[in-house]
Each structure stands twice: as structure tokens, then as C-alpha cells.
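Report on one structure; see the data block that follows.
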Amino acid sequence: MAAVFPSSAMRLLLLAAAFALGAYLQARGVLPGIMRYWSDIVYLTPQHLELVAISGGIATAIGIPLGIVLTRGPVRPYANAITQFVNLGTTIPTLAILALAMSVLGIGAPSAIFGLVVLTLLPIVLNTVAGLRMVPAHLVEAARGMGMTSAQILFRVEIPNALFVMLAGLRTALAINVGTVPLAFLIGGGGLGELIFTGIDLMEPTMLLAGAIPTGILAILIDLLVGQCQYWLIPRGVNPLR
Amino acid sequence: MIRLEHVTKIFGSVMAVDGVDLEVPTGAVCVLLGPSGCGKTTTMKMINRLIPPTSGKIFIDGRDTAETDEVTLRRSIGYVIQQIGLFPNKTVEENICVVPDLLGWDRRKSRARAADLLSLVNLDPAIFLKRYPKELSGGQQQRVGVVRALAADPPVLLMDEPFGAIDPINREVIQDEFMKIQAELKKTVVFVSHDIDEAVKMASRIAIFRDGRLIQYGTPDTILAHPADPFVADFVGKDRTLKRLRLIKVRDAMMKDPPKVLGEDTLETAVARMREHGHISIVMVGPRGRARGMIRLDEAQGRKGAVSEHVEPLPGVIHIDDDLRNAVSMMFSHGANWLACVDNDGFYKGYVTQRGITQLLGASYRD
């Protein structure tokens, strides 16, 4: 959390450094150069975010239920085998996944989204499983002994107590996701990758930066956002941050 | 009333509970006692069907538990476990209200009840209702654990070594608090323990288990005075007769209406009164009957004067609601063979002697 809430001295220092960097870049003419691509940035950022939102949403919608199922009675023994399979998504290089997806789904956003989902699924599933397994057995026993149904135990006891770890997984997943979306451009998925890769091809560093800097800022902002959710959404009793 | 009829549980090839018949009367505290692995916890968990019995029937107030929906059944039975199991994501108030909420009680009613219950265990509702379990000490957590089980006012309470993880000093305090609440609420309690002292203190009935079988079932005094076999005798300990001291109150063991003298009486009167009762000492009381001191026969004989001029301090004074264990301990620490017994106001009510206690304990072995 130190990264999100630095001490006030640290904060001042960071601000001063940012200001100095900005002044330096301005003097070198880099910032005005980047601003020439402003209309492109404004057009591509929503596209970028859309890819993040859709792929992240789908990965969450698959990952969390899958993680829950993996901790339920009948599936439990096979949980490790299944997480190993999900792990393949991270082991195979991202570009390879995108290339494979493109060969099946064709050029465009759908294959990009497919690739991103495969890539982000693992941290979500793993952390859901880990979070639920960390809930002490006696809590579940107490809940059952008091007359909760299995669904009530899951939603009122297990998930609230696993939520911190689960959200940490989501945070990792989204950080990976935002940083990988630029690759989507390579299979016609759009996003800020368009500026980055075109900049590389045209040997135009300012264009490259016009794509790379917003991508970095987006990654930081999304991480901050999930961090704040983690801080405020999780009850004080089970929140190590509060 | 809880009735177990030939209840058996087999895990794989292990006979965990073997044909147990047990009847716990309404309002009784039945302690299931035995070494670990003896089947006592399994027996308890079959009552709320956390563990399904392999065979046999269990009735609560005449109703077969197997015919009640298990969720409904459990909501009507209070449940306390050793690890306490307070939900860390809920406040103390929410924890206490879990079962009332499950039952769909009116929120205002259940929240008011949570506050009442907290005061019952000496926790200030204004301070503790909104706290989270991690902000409570172990003893406070277990108090909340106990009142949580009482929240929906269930007639039956199951407690699985509830005070096992608490330090000895706090354990005594919480046990006393629980006994006070139980004296008022008169729940039917099934209490699992491996601690004979706790059992003697809490139980109105003790059931001793070994290898899944119920070996002996009776009042604490019966178990201590007449263990059914060498195993029980060994389990309750070689000092079992001393443990019985705890079961007897001073008021039940003392000699009532004792002879006494007033400060203004003469020594002759005191000597005459001692002779009359065959005593070698007599207690001097104040004008309203408070125990003030004593006169010895050998000191008073042949002397003259008022009792108040020759009075000596009492060897020891014990409250009539103390148990005999404390009385004996006081006798040993004061080197006395008798103690004066007084009530709340200090009025002299009677005396206990070492010989009297010995005879009382011996009586149950002779018949």
C-alpha cells in the first residue's frame, strides 16, 4: 500500500521529480511532439480501455466461478490439475496465443479479446482458489452448525473472508492485461498499440511515446482504482490494510 | 430433553461411536467426557446432524431429528466451538445476530437483543457491538461466541470444548459467568470436555466415553465416589475424593445452630455451654450475631471475668456459599481443624470441622 499512499515527504519528492521531468521534456520539444498525436490518443484510449474492460470482464466472469467450483467438494481433488491447465495460458507466449487466436477467429478485436482472456484468467482463478482455501475450516463448521445453507456459507462467510486475496488476483490480472493490450494491434485489435508499433515501424520515437506513455498511465490508474476498491470494499474486520 | 437411542457411527472401518444410549433431561448440563478419540465430539455432532449417524435415533423433545430438515434443526440448536468461529468479516453485533437474521427476525428486535446479551457477559454494548472480532481478546471473543449461540433463544445448546483455548484464569471467570447465565436460562446443554475439573464444576450429569462406548453416566458425585471401572477411576484421578469437595457447599456440610456466647457473658457461662455441647471452644458473637472471636475451654476453665476480656481471634471464617474445597484449603493454611461459617452479612451460621467433612465424604462409600 506504500506505493498508493506514500508519506507526505515522499509525495513531495515525487511531484518535484515529475515536474523536473516535464520541464526537461518540454525543453527538448518532446511534449509538443507528443501533443501532435493528441487526437489519436483521444481516439485510441477508449478503444484500449474497451479491450481491457471486455477481456477483463470476461476473464473475471469465467475465473471467479471457476475458482469457486474448484474449491467445492466433488471437484476438489482435480483442482491442481485444472489450475495447471489454466496455467498454460500464462506459459505460452502472448504473441503465440494471439497468433493462434487469429488463425481460428480471424483478424480483429474478437481474437485479441480471446487472447487477453486466456492470459488474464490464471491470476484470477489462482487467487480465488487460494483465497477460498485460506478461509479457516472452523469458520465453515461454525456457519454450518448455526444452520447456514451451502450458498449462505459461500456468500456470507467464504467469499467475504477470501475477498482480499481474490481482489489482489484481479489487480494483478488487470495490470498484465493493460500492459498486453498494445499487442492486440498486431492482429488488428486496435488500441494504443497502433501508435507504439507504427512509431517503431516509422522510426518515430515521439509517436511511440505518444502510445507508450498513456499505456503506462492507464496501467497505473487502473491499479490505483482496484487498490482503492480493495481498501474500501472489504470490511474492516478482514482487511489487512485498515 | 435430548434422547439418544442406540446411536452408532462408523467411519470406514472405525467404530467411532458404538451403540450409545443417553438421555439428557431438560435444563441439565451434560458433559461428555473422555480422552481424545473416544467419540464424545462425534456423539455431540450427531445431535445437530453435522455428522449423520450410521444407525440409531436421536430425539429432541420427543421429535426425531432425522425427520427435521437439517438447516431448520441447526437453527434451533445453539452451537459453540473451541476455535470460537466468530466471522471476522462481521462486527460483534452482526455475529450475534447471525441466526436471528437467518430466521428472519425483525432487525430492531435482534439488535436490541444483541446488546442485552453482551451485557449479560459483562461486555459493554456501547464499546463492543461495533467492534470486529480481531479487536477483541480471546476471552472476550469466547464470551461473544457463547452469547451468539444464545441469540435466537434455542432450547438446546451444543458446546465443543468451548473454554479449552482460554487461559486458566479467564477460563474460571467465563465458566462462572456461563453457570450464572445457565442458572437463569436453564437450557439443555451438551458440553464436550476432556477436563475432569471443568466437568465436575459445570455438569449436572457426566457421561464418560471410551473407544466410542458410553462407560458411565451419572451425577458428578456418583462418578467421583463410585467410578464404574478402573478406567473411569483412573480418568477422574486418584484425587477424585478431593474433587468431590468442590461439589458440596459449606452450608450443606456445616453444623447448624451452633452454641455461641455474647461478649458480656461470663466465662462460667461459656464453660458451662461448652461442657453442655461437649466442645473445647466456643464462638463469641456481637450483639446482632456477627462472629467476633472465640474462647477455648482450657483457657477459660477456673477463670473469672467477661468473655470479651479473654476473647481470641477465630482460626478462620468461611462463607456458607463457598465449597468445601476452599474450606479444607483454608483449614490447612491456617492449621485449624474447624472454621466458623458466616453469611453475606457476617452473621455466625454454623461451623465445619475436618472430622465432619471426613464423615460426610465417607458416608457415600459406606452405603
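Since every read-out is calculated from the coordinates, none of them should be taken as a lab result. This one's a predicted model, so the numbers in the text were calculated from it and none came from an experiment. A quick note on method: Cβ atoms are made from the backbone with ideal geometry, for glycine too, and the neighbour counts reach across all protein chains shown.
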Antiparallel DSSP beta bridges within chain B, as percent of all bridges there, nearest 5: 60
Segments A:190-198, A:130-138, B:24-32 sorted - mean Cβ within 10 Å per residue, highest first: A:190-198, B:24-32, A:130-138
Pairwise centroid distance, computed over Cα atoms, of the stretch A:20-60 with the stretch B:104-122, Å: 55
Three semi-axes of the equivalent ellipsoid, the stretch B:211-347, Cα gyration tensor, whole Å, largest first: 41, 14, 12
Among A:Ala112, A:Ala53, A:Ala17: highest mean-square fluctuation, GNM of chain A, C-alpha pairs under 10 Å: A:Ala17
Residues B:Ile10, A:Ile222, B:Ile169, sorted so that the one with the fewest Cβ neighbours within 10 Å comes first: B:Ile169, B:Ile10, A:Ile222
Size of electric dipole in the stretch B:250-366: Cβ of Lys, Arg +1 and of Asp, Glu -1, about Cα centre, debye, nearest 20: 220
For the stretch B:48-55, 3J(HN,Hα) per residue [Karplus equation, 6.51 cos²θ - 1.76 cosθ + 1.60, θ = phi - 60°, Hz, x = Gly/Pro]: 9, 6, 5, 10, x, x, 6, 8
Pair A:Leu233, A:Leu31: separation of 7 Å Cα→Cβ label points (nm): 3.6
Placed amide H near B:Leu314: partners under 5 Å, 5+ positions off or other chain: B:Met294
Diffusion constant of the stretch A:1-96 at 4 °C, which comes from Stokes-Einstein with the Kirkwood Cα-pair radius and 1.567 mPa s, µm²/s: 70
Net dipole in debye of the stretch A:36-238 [+1 Lys, Arg Cβ; -1 Asp, Glu Cβ; about Cα centre; nearest 20]: 820
Zero-based 5 Å bins, Cα pair distances in the stretch B:213-260, whole percents: 5, 19, 25, 17, 10, 9, 6, 5, 3, 1, 0
Distance from the stretch A:72-124 to the stretch B:15-59 (C-alpha centre basis), Å: 50
Full-extension gain in nm, A:Arg242 to A:Ser103, via 0.36 nm per residue minus C-alpha separation: 45.2 nm
GNM result for chain A, Cα springs below 10 Å: residue of A:Leu208, A:Leu221, A:Leu70 fluctuating most strongly: A:Leu221
Part-to-part distance (alpha-carbon centres) for the stretch B:212-232 and the stretch A:168-242, which is given in Å: 71
Cubic angstrom per residue, convex hull over Cα atoms of the stretch B:2-247: 125
Other-chain or far-sequence residues with amide H under 5 Å of B:Tyr351's (modelled H): B:Met255, B:Cys341
Estimated translational D of the stretch A:97-181 in µm²/s (Stokes, Kirkwood radius over Cα pairs; 4 °C; 1.567 mPa s): 88
The stretch B:180-225 - Kirkwood radius from inverse mean 1/r over Cα pairs (Å): 11.5
When the convex hull of its Cα atoms is projected in every direction, mean area for the stretch B:151-242 (nm²): 6.8
Proximal lysines relative to B:Lys9, as straight alpha-carbon distance under 22 Å, when same-chain residues fewer than 8 apart are discounted: B:Lys40, B:Lys45, B:Lys57
Gaussian network model of chain B, Cα within-10 Å springs - most flexible of B:Asn344, B:Asn122, B:Asn89: B:Asn344
Taking B:Ile81, B:Ile248 and counting other C-beta atoms within 10 Å, the order from fewest to most: B:Ile248, B:Ile81
Cα convex hull volume per residue for the stretch A:105-242 (Å³): 111
Residue order, fewest to most surrounding Cβ atoms within 10 angstrom, among A:Trp38, B:Trp105: A:Trp38, B:Trp105
Helix B:324-334 vs. chain B, principal-axis angle (Cα, 0 to 90°, nearest 10): 40
Computed [θ] at 222 nm, helices only, for the protein assembly as shown once each DSSP H run of length n ≥ 4 contributes -39500 (n - 2.57): -16500 deg cm²/dmol
Stokes-Einstein translational diffusion, the stretch B:104-190 - Kirkwood Rh over all Cα pairs, 1.002 mPa s, 20 °C, in µm²/s: 157
Amide H contacts of B:Asp160 (H built 1.01 Å from N, under 5 Å, at least 5 apart or other chain): B:Val80, B:Ile81, B:Gln82, B:Val192
Residues of type lysines that B:Lys349 reaches as a straight line, Cα spacing below 26 Å, ignoring anything fewer than 8 places off in the same chain: B:Lys180, B:Lys201, B:Lys243, B:Lys249, B:Lys256, B:Lys260
Two-decimal Rg to Rh for the protein assembly as shown - Kirkwood Rh, Cα set: 1.21
